[in-house]
Amino acid sequence: DGGITQSPKYLFRKEGQNVTLSCEQNLNHDAMYWYRQDPGQGLRLIYYSQIVNDFQKGDIAEGYSVSREKKESFPLTVTSAQKNPTAFYLCASSASIAPAGNEQFFGPGTRLTVL
Amino acid sequence: AQSVTQLDSHVSVSEGTPVLLRCNYSSSYSPSLFWYVQHPNKGLQLLLKYTSAATLVKGINGFEAEFKKSETSFHLTKPSAHMSDAAEYFCVVSSGYNKLIFGAGTRLAVHP
């Protein structure tokens, strides 16, 4: 089956710890994205990557870091600098960044809770 | 700059009655517009998209949306609601380089 997998589904972290969320896709897509979703709000873009070894900050990148060493993988690290990390995190991919109408495919999400 | 406003945070309908979820957008150029659906604790699934072709767009599960440039609207409709339609719906506009800008969402409840 082609698609996007995220792991783990639920993640608990103590304050002051870094944690890494996994995102893998087997759709052969060039572009990948990380979003954050808070209750009653739409998704907000954290980081995106157009191609391997390249990534750009989104609207709320502070306290997060990413890497794109392989086409199929785009892990997100939530650092201790992120002041309010409890949220639902969604990874997505699309065939390319352009044109603007390219559909983004979403993974099932990871729910991060900071204790 | 692009933005999206979903006019209702909650909509409640009876099974078998029509669904209308309202969305207005703001864009400095001809936009690409999407509706996504999210079931509880799940990822998002694309319902339909508009990319400057036909203004009436048909999607999956009987949903459709009409792009009205004069009203800057992209409302989502379905003639007859089903219990399985209960979910959260997001209206989305795509800015340059396929950056998606999401509305706050509309939670649809369907009652027997």
message: Whole angstrom only: what separates the Cα centroid of segment A:24-86 from the Cα centroid of segment B:17-45?
response: 22
- prompt: Going by a ≥ b ≥ c, the root eigenvalues of the Cα gyration tensor, does segment A:8-82 fall in the rounded group (a/c under 1.5), the prolate group (a/b larger than b/c) or the oblate group?
  reply: prolate
message: Inside 10 Å of the C-beta atoms of B:40-47, what's the mean count of C-beta atoms belonging to other chains?
response: 5
message: Can you give the local net charge around A:Asn53? Use residues other than it whose beta-carbon is closer than 15 angstrom to its beta-carbon, Lys and Arg +1, Asp and Glu -1.
response: -1
query: Shielding of A:43-50 by partners, i.e. mean partner chain Cβ atoms within 10 Å per residue?
result: 3
task: Starting from the Cα gyration tensor of segment A:52-115, take the square roots of the eigenvalues, sort them a ≥ b ≥ c, and report rounded, prolate or oblate (rounded when a/c is under 1.5, otherwise prolate if a/b is larger than b/c, else oblate).
output: prolate
statement: Sorted by chain and number, the residues with a modelled amide H under 5 Å from that of A:Phe74, at a separation of 5 or more or across chains, are A:Cys23
- request: Quote the relative contact order of chain A in percent (integer), defining contacts as alpha-carbon pairs under 8 Å separated by 6+ residues.
  value: 35
- line: For the protein assembly as shown, shape from the Cα gyration tensor axes a ≥ b ≥ c, cut at a/c of 1.5 then a/b versus b/c, turns out prolate
query: Are there trypsin sites (Lys or Arg not before Pro) in segment A:1-86 that DSSP marks as loop and that have at most 14 other Cβ atoms within 10 Å, and which are they?
result: A:Lys9, A:Lys14, A:Lys83
- prompt: Which net charge results for the neighbourhood of B:Ser27, defined as the other residues with beta-carbon distances under 15 angstrom from its beta-carbon, given Lys and Arg at +1 and Asp and Glu at -1?
  reply: +3
- prompt: What's the tally of Lys pairs in chain B whose alpha-carbon atoms lie under 16 angstrom apart, where the two lysines are 8 or more places apart or on different chains?
  reply: 7
- prompt: To the nearest 0.05, how large is the calculated FRET efficiency for B:Ala109 and B:Ala54 if R₀ is 22 Å and r is the Cβ-Cβ distance?
  reply: 0.10
statement: Exposure-ranked with fewest Cβ neighbours within 10 Å first, A:Glu24, A:Glu62, B:Glu66 stand as A:Glu62, B:Glu66, A:Glu24
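Read-outs: derived from the displayed coordinates by stated rules, not from any lab. Note that the coordinates shown come from a computational prediction; the quantities given were computed from them, not determined experimentally. Neighbour counts run over all protein chains shown; Cβ positions are idealised from the backbone, glycine included.
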